[in-house]
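Working notes, beginning with the structure itself.
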Amino acid sequence: MLKQTLLTITALTALALGVALAQDKGKGGGKAPPAPGMALSSPDFQDGGIIPDKLSQVNPNAPSPKLEWTNVPPATQSFVLIMHDPDNALNKMPTDVLHWMAFNIPGTARSLEGGQPATAQLPDGTIQAKNLRGNVGYMGPGNGAQNPYHHYTFELYALDEKLSLGPDATREEVMKAMEGHIVGKAVLEGRFRRPPA
């Protein structure tokens, strides 16, 4: 009798488990995993790797790196690129250093070629703002050899609109205009310090 009761309980447990699994599958348990988020990379250096001297202030005419991105959200109408050095904020500076800011990069773009000219507006409508030094366009990393490596961060934001701002826009104004319109974000980080003299 006990043996028969145990067999009945086992059968009922297996049946309940099967029903639960079937219900879970019906609720999405059998769905494919979500699509990967937007990703940003560069053929010039690996994420977390060393930014080469040719792209830095060691080179007086340092070109901007080439940037490439994938997995763009469908609602994207434009991109904003911000390159900054957050480590300077740890060195008693009032804020981190803005090295490069570009916005209204077309939503159809999947890359930004290296060596962008230092002009406020590019042929495709991209607007380049002023960096910390007050110059338009890219300013390469310049961290001193006596310091630990700084982490230069490239942030690419996908927006569902274009920004109604001009090349004189500050970083704060751009960030404010982006509020409520960010549909994706990707980050690429490179490390740099000057070689010893």
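Results, tabulated for the structure shown:
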quantity	calculated
Those residues of region 155-197 which are part of a helix (DSSP H, G or I), farther than 15 Å from Gln128 by Cα and in contact (Cβ under 8 Å) with a residue 40 or more places away in the chain, in sequence order	Met178
Flag for Ala102 being of a type in the set (Gly, Ala, Ser) and farther than 19 Å from Lys54 by Cα	yes
Test for Ser78: is it surrounded by fewer than 18 Cβ atoms within 10 Å (Cβ to Cβ), hydroxyl-bearing (Ser, Thr, Tyr), under 15 Å from the mean Cα position of the chain (by Cα) and modelled with pLDDT of 95 or more	no
Any hit, region 98-114, residues being over 19 Å from the mean Cα position of the chain (by Cα) and part of a loop (DSSP other than H, G, I, E, B)	no
Condition check for Ala118: crowded, with 17+ Cβ neighbours inside 10 Å, of a type outside the set (Lys, Arg), farther than 20 Å from Met175 by Cβ and at pLDDT 95 or above	no
Residue match in region 136-157 (condition: of a type in the set (S, T, N, Q) and within 17 Å of Glu68 (Cα to Cα))	yes
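Table: residues versus (1) acidic (Asp, Glu); (2) buried (at least 17 other Cβ atoms within 10 Å of the Cβ); (3) modelled with pLDDT of 95 or more.
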| site | (1), (2), (3) |
| --- | --- |
| Gln57 | no, no, yes |
| Ile105 | no, yes, yes |
| Leu112 | no, yes, yes |
| Asp124 | yes, no, yes |
| Lys130 | no, yes, yes |
| Asn135 | no, no, yes |
| Phe154 | no, yes, yes |
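The values are calculated or read from the model by the stated rules, or taken from the named source; none is laboratory data. Not measured: the values here are computed from a predicted model. Because the Cβ atoms are built from the backbone with ideal geometry, glycine has one as well, and the counts that use them run over all protein chains shown.
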